[in-house]
1. Please verify whether Val109 is modelled with pLDDT of 75 or more, β-branched (Val, Ile, Thr) and within 24 Å of the chain's Cα centre (by Cα), treating the condition exactly as stated.
2. Scanning the stretch 20-35 for residues that are surrounded by 11 or more Cβ atoms within 10 Å (Cβ to Cβ) and in a helix (DSSP H, G or I), which turns out modelled with the highest pLDDT?
3. Which residue, of Leu2, Leu40, Leu16, is among the aliphatic types (A, V, I, L, M) and modelled with pLDDT under 85?
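The values are calculated or read from the model by the stated rules, or taken from the named source; none is laboratory data. Since the model is a prediction, treat every value here as computed from it, not as a measurement. In this analysis, Cβ positions are derived from the backbone assuming ideal geometry, glycine residues included, and neighbour counts consider all displayed protein chains.
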Amino acid sequence: ALLGGVLLTALLLILLPLGVLVERSFDGPGGYGFGYYEALQSAGGSGSTFLVPPLEAVGNSLRYAFIATVIALVVGGLAAAALTRRAGRLVRGFDALLMLPLGVSAVTVGFGFLITLDKPPLGQRDQNPG
């Protein structure tokens, strides 16, 4: 009973604010109505800020996420299979190499990209200031 009460409370605390947002987006004070939801299906028209219909962009994102997931599962599965074999010196080195991204901050990686991609032909900044 205690577990059920805690789960119900957590579910309410998560879903209730989301439901209120959806409800207010249709009617509430300053509600947008269906016109803005219909605009999510079109792109390019006069005054539009979208180059591609947003629903198409969401589809592209989901497709890339699926492909990245499949690649990660295949590479991770092969690495796990290789690492469960003998614990020799080569396997320990391979294990350390695979764990390296977990120890490097995403900010450090991003900063490395900025430094690496700063020079032409990859750099996108104006090389002639003035």
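1. Against the criterion (modelled with pLDDT of 75 or more, β-branched (Val, Ile, Thr) and within 24 Å of the chain's Cα centre (by Cα)), Val109 qualifies.
2. Among residues in the stretch 20-35 that are surrounded by 11 or more Cβ atoms within 10 Å (Cβ to Cβ) and in a helix (DSSP H, G or I), the one modelled with the highest pLDDT is Val20.
3. Leu40
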